[in-house]
1. For the chain, build the charge dipole from Cβ charges (+1 Lys, Arg; -1 Asp, Glu) around the Cα centre, then report which of Phe137, Val118, Phe178 sits farthest towards its positive end.
2. If you plug each phi of the stretch 178-190 into the Karplus form 6.51 cos²θ - 1.76 cosθ + 1.60 with θ = phi - 60°, what whole-Hz ³J(HN,Hα) values come out, in order, with x for Gly and Pro?
3. Please turn the phi angles of the stretch 125-134 into ³J(HN,Hα) values with the Karplus equation 6.51 cos²θ - 1.76 cosθ + 1.60 (θ = phi - 60°), one per residue in order, whole Hz, x for glycine and proline.
4. Taking the Cα centre of the chain as the origin, how large is its charge dipole in debye, to the nearest 20, when only Lys and Arg (+1) and Asp and Glu (-1) carry charge on their Cβ atoms?
5. Please report, in debye to the nearest 20, how large the charge dipole of the stretch 1-86 is about its Cα centre when each Lys and Arg carries +1 at its beta carbon and each Asp and Glu carries -1 there.
6. Quickly estimate the mean residue ellipticity at 222 nm for the chain, helices only: each DSSP H run with n ≥ 4 gives -39500 (n - 2.57), and the total goes over all residues, rounded to 500.
7. Whole-Hz ³J(HN,Hα) for each residue in the stretch 29-41, computed from phi via Karplus 6.51 cos²θ - 1.76 cosθ + 1.60 with θ = phi - 60°, x for glycine and proline: what do you get?
8. Quick one: work out the % antiparallel among DSSP beta bridges in the chain, nearest 5.
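We did not get these values from a lab; they are worked out from the coordinates using the rules stated. Everything numeric in this text was worked out from a predicted model, so none of it was measured. Here the Cβ positions follow ideal geometry from the backbone for every residue, glycine too, while neighbour counts run over all protein chains shown.
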Amino acid sequence: MASNGVLFIVSTPIGNLEDITLRAIRILNESSLIAAEDTRHTKKLLMHYKITTPTISYFEHNRFTRIPQILKHLNSGKNVAVVTDAGTPGISDPGYRVVQAAHLNKINVIGIPGPSSVISALSIAGLPTDHFYFEGFLPRKKGRLTTMKFLATLDATIVIFESPLRLIKTLKDVQQHFGNRVISVCREMTKIHEEVFRGSVWKTLNYFQDKPSIKGEIVILIAKDGYQ
């Protein structure tokens with residue numbers, strides 16, 4: 001009877017395709033299946049490195065059918081690599097669900113570390129990193145006020161994901177609940193138009209309100225109260 005395969009959680013670039021480890025390339029090549037958040041997006045990476053491993057989609061809304069398929073593949077002794085659109089799977093995406101299922105089924109899970117927008121943003125923001133709290137995406141409506149009030153009480157750098165369409169609204173909410181703290185907005189990290197804007201909430205809000213269009217994934221970092 002064949003032993004189970006291994007579930008590899010593979011970190012991929014958050015922008016620049018060169019930001020991938022040699023080990024990640026090898027694992028993607030050697031796995032018999034790649035479960036990708038968006039196969040069209042992942043195809044660009046695979047084509048760049050001439051990786052021909054078959055792919056299937058795995059995201060929040062198809063997890064109930066995909067996880068059993070992935071487990072069946074693993075139980076047959078074949079290795080599966082899980083990737084997200086950018087960065088490390090399982091961070092603000094459903095990757096953790098297949099990891100949980102693998103553990104419950106006594107299947108070995110191995111992480112292939114690499115890019116993470118959270119760590120990348122913390123490293124270039126110029127804010128304290130001894131303590132930080134990762135919130136991810138804020139609730140859009142229900143629970144948003146409660147969440148903001150809670151985050152404002154934390155003695156740590158707060159890390160938030162945001163989209164360009166909601167950046168101004170979120171900056172206004174930060175100003176209302178956190179006051180005029182020092183913040184850093186990192187966007188388009190590792191890409192051609194990478195930008196890091198650091199300043200008070202008021203200056204940051206004015207800066208981005210004057211920009212005609214904002215593109216790219218955004219990470220907002222909020223310093224703890226009293227930090228200058």
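1. Of the options given, the answer is Phe137.
2. These are the phi-based 3J(HN,Hα) values: 9, x, 8, 6, 6, 9, 9, 10, 10, 9, 6, 4, 6 Hz.
3. Once θ is set to phi - 60°, the couplings for the stretch 125-134 become 7, x, 10, x, 10, 5, 9, 9, 10, 8 Hz.
4. Dipole of the chain, to the nearest 20 debye: 600 debye.
5. Approximately 280 debye in magnitude.
6. One gets -10500 deg cm²/dmol as the mean residue ellipticity at 222 nm.
7. 6, 7, 5, 8, 7, 10, 9, 10, 4, 9, 4, 5, 5
8. 45 percent
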